[in-house]
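Chemist: Just passing along the structure, written as structure tokens.
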Amino acid sequence: MAGLVTDPILGRVTDPDPEAVAAACEELLAETDAERRVARAAFARDRYDHRRVAAAVADILEAAAGKERG
């Protein structure tokens, strides 16, 4: 899902194999630029807040239920 990573500060797009994912994780965890680390953490806190994730799941389930009824 390369479309989810709209800026390199947000993550990395890799091949779907364990070695490539591990290398991308190591690269992100080795970040030495404090501003980039802070920005990435702030983005993750906002985007993956449990209320936001729950609302997104509810929207998906409601849409799926609506399609089945139609």
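Values in this text are rule-based calculations from the coordinates and carry no lab data. Being a predicted model, the structure only gives us computed values, none of them experimental. Cβ: placed from backbone, ideal geometry, glycine included. Neighbour counts: every protein chain shown.
Chemist: So if each residue of separation counts as 0.36 nm, and I subtract the Cα-Cα distance between Ala30 and Asp15, what length gain in nm does that give? Working shown, then result.
Modeler: Working: separation 15, 0.36 × 15 = 5.40 nm, distance 1.97 nm.
Result for the pair: 3.4 nm of gain on full extension.
Chemist: Here's something else I'd like to know. Order by neighbour count: Thr14, Thr32, Thr6, fewest other Cβ atoms within 10 Å first, most last. Walk me through the intermediate numbers first.
Modeler: Values: Thr14 16, Thr32 6, Thr6 9.
The most exposed by this proxy come first: Thr32, Thr6, Thr14.
Chemist: To the nearest 20 debye, what is the magnitude of the charge dipole of the chain about its Cα centre, counting +1 on the Cβ of each Lys and Arg and -1 on the Cβ of each Asp and Glu? The partial results should precede the final answer.
Modeler: Values: 10 positive and 14 negative charges, 88 e Å.
In total the dipole reaches around 420 debye.
Chemist: While we're here: Enter the angle in degrees (range 0 to 90, nearest 10) between the Cα long axis of helix 34-47 and the first principal axis of the Cα atoms of the chain, meaning the one along which they spread out most.
Modeler: For 34-47 against the chain, the angle is about 10 degrees.
Chemist: Cα axis of helix 50-69 to longest principal axis of the chain: angle in degrees, 0 to 90, nearest 10?
Modeler: Orientation of helix 50-69: about 40 degrees from the principal axis.
Chemist: May I pose another question? Lys/Arg Cβ at +1, Asp/Glu Cβ at -1, dipole of the chain taken about the Cα centre: which of Ala63, Ile9, Ala44 is farthest positive-ward?
Modeler: Of Ala63, Ile9, Ala44, it is Ala63.
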